[in-house]
Amino acid sequence: MKVLEERIRHDGIVKSNDVLKVDSFLNHQIDVDLVEQIAQEFYNRFSGKTITKVLTLETSGIAIAYPVARAFGVPLVYAKKGNSINMDGERYIAEIPSLTRKKPGRVVISKKFLQPDDCVLIIDDILANGGALQSLVSLVETAEATVVGLGIVIEKGFQEGGHRIRNLGYDLQSLAIVDALDADSGRIVFRDTDE
């Protein structure tokens, strides 16, 4: 998605050879026009599939997944990080590693919001090592629902997550794949993809 790549080039900050900061437009301050374009692109890519729920992870995935769910006319469900006193009833729980928090955690979904007959599209902002995405897949599979696709805004192609998820046979669609970051020059190298 060229408009996304241009925005990353213009406003993304290379913090290190592993860390790309996009908080000015994607996951702290949200450019709503860009997110609407992202949602439309996900809709275009997955519109041939039966989707009954869109699933994401709190918090940064919600702003992206909301317009996707609206485009499909289905509910948005988000996995909560940790247990909440407001959650009642039975829950699906999966372990989740965290690169930013540097310690593992848990993600939780109430069983009443994820049923065996659900066809789930998982949406998230960043894919690095794939731990968060695999946790969401695990929640869906534990519910005996079906993962019909995974939509990622920015994939770090130089890390193993995308390769790992694709090798498991899932339809993973990343809108921008970053193949390299250079902290010294601030350079961002994108993978050539057909659109």
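The values are calculated or read from the model by the stated rules, or taken from the named source; none is laboratory data. Here the structure is a predicted model, which means the values were calculated and not measured. Neighbour counts run over all protein chains shown; Cβ positions are idealised from the backbone, glycine included. The area values use the complete protein model at the heavy-atom level, side chains included, leaving out ligands, DNA and RNA. Shrake-Rupley method; radii C 1.70, N 1.55, O 1.52, S 1.80 Å.
Determine whether residue 61 is open to solvent by 50 Å² or more (accessible area, probe 1.4 Å) and under 23 Å from residue 173 (Cα atoms). If you could, list the steps in order and put the result at the bottom.
Values: open to solvent by 50 Å² or more (accessible area, probe 1.4 Å): no; under 23 Å from residue 173 (Cα atoms): yes.
In short, no.
Of the numbered conditions (1) closer than 18 Å to residue 186 by Cα; (2) surrounded by 19 or more Cβ atoms within 10 Å (Cβ to Cβ); (3) not polar (S, T, N, Q), residue 69 satisfies every one except a single condition; which is it?
Unmet for residue 69, out of (1) closer than 18 Å to residue 186 by Cα; (2) surrounded by 19 or more Cβ atoms within 10 Å (Cβ to Cβ); (3) not polar (S, T, N, Q): (1).
Within the range 40-59, is there a residue that is modelled with pLDDT of 95 or more, assigned to a helix (DSSP H, G or I) and among the small types (Gly, Ala, Ser)?
Within the range 40-59, none of the residues are modelled with pLDDT of 95 or more, assigned to a helix (DSSP H, G or I) and among the small types (Gly, Ala, Ser).
Residues are listed down the side, and each one gets a yes or a no for (1) in contact (Cβ under 8 Å) with a residue 24 or more places away in the chain; (2) acidic (Asp, Glu):
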| residue | (1), (2) |
| --- | --- |
| 5 | yes, yes |
| 11 | no, yes |
| 20 | yes, no |
| 37 | yes, no |
| 45 | yes, no |
| 55 | yes, no |
| 65 | yes, no |
| 77 | yes, no |
| 105 | yes, no |
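What tally of residues in the range 8-33 results from selecting those that are touching a Phe, Trp or Tyr at 6+ places or on another chain (Cβ under 6 Å) and either of a type in the set (Gly, Ala, Ser) or part of a helix (DSSP H, G or I) (or both)?
Taking the range 8-33 first, the residues touching a Phe, Trp or Tyr at 6+ places or on another chain (Cβ under 6 Å) are 11, 31.
From what is left, the residues that are either of a type in the set (Gly, Ala, Ser) or part of a helix (DSSP H, G or I) (or both) are 11.
Selection size over the range 8-33: 1.
One residue is enough: does the range 63-77 have a residue meeting the conditions touching a helix residue (DSSP H, G or I) at 6+ places or on another chain (Cβ under 7 Å), among the aliphatic types (A, V, I, L, M), within 22 Å of residue 130 (Cα to Cα) and part of a strand (DSSP E or B)?
Taking the range 63-77 and keeping what is touching a helix residue (DSSP H, G or I) at 6+ places or on another chain (Cβ under 7 Å), we get 63-64, 67-68, 71-72, 75-77.
Restricting the remaining residues to those that are among the aliphatic types (A, V, I, L, M) gives 63-64, 68, 71, 76-77.
Still in the running and within 22 Å of residue 130 (Cα to Cα): 63-64, 68, 76-77.
Remaining after also requiring part of a strand (DSSP E or B): 76-77.
Within the range 63-77, one or more residues are touching a helix residue (DSSP H, G or I) at 6+ places or on another chain (Cβ under 7 Å), among the aliphatic types (A, V, I, L, M), within 22 Å of residue 130 (Cα to Cα) and part of a strand (DSSP E or B).
Out of the range 72-82, which residues are open to solvent by less than 70 Å² (accessible area, probe 1.4 Å) and either over 15 Å from residue 113 (Cα atoms) or modelled with pLDDT under 90 (or both)?
72, 73, 82
Tell me which residues, restricted to the range 149-195, are touching an Asp or Glu at 6+ places or on another chain (Cβ under 8 Å), under 14 Å from residue 124 (Cβ atoms) and of a type in the set (D, E, K, R).
Passing the criteria: only 156.
Hey, any hits in the range 83-93 for a residue that's in contact with a Ser or Thr (Cβ under 8 Å, 6 or more places away or on another chain), part of a strand (DSSP E or B) and either of a type outside the set (Gly, Ala, Ser) or at pLDDT below 95 (or both)?
Our first condition is that a residue be in contact with a Ser or Thr (Cβ under 8 Å, 6 or more places away or on another chain); within the range 83-93, this holds for 87-92.
Checking the rest, the ones that are also part of a strand (DSSP E or B) come to 91-92.
Next cut, either of a type outside the set (Gly, Ala, Ser) or at pLDDT below 95 (or both) only: 91-92.
For the range 83-93, residues in contact with a Ser or Thr (Cβ under 8 Å, 6 or more places away or on another chain), part of a strand (DSSP E or B) and either of a type outside the set (Gly, Ala, Ser) or at pLDDT below 95 (or both): present.
Scan 140, 147, 107, 77 and give me the residue that is touching a Ser or Thr at 6+ places or on another chain (Cβ under 7 Å) and farther than 21 Å from residue 22 by Cβ.
107
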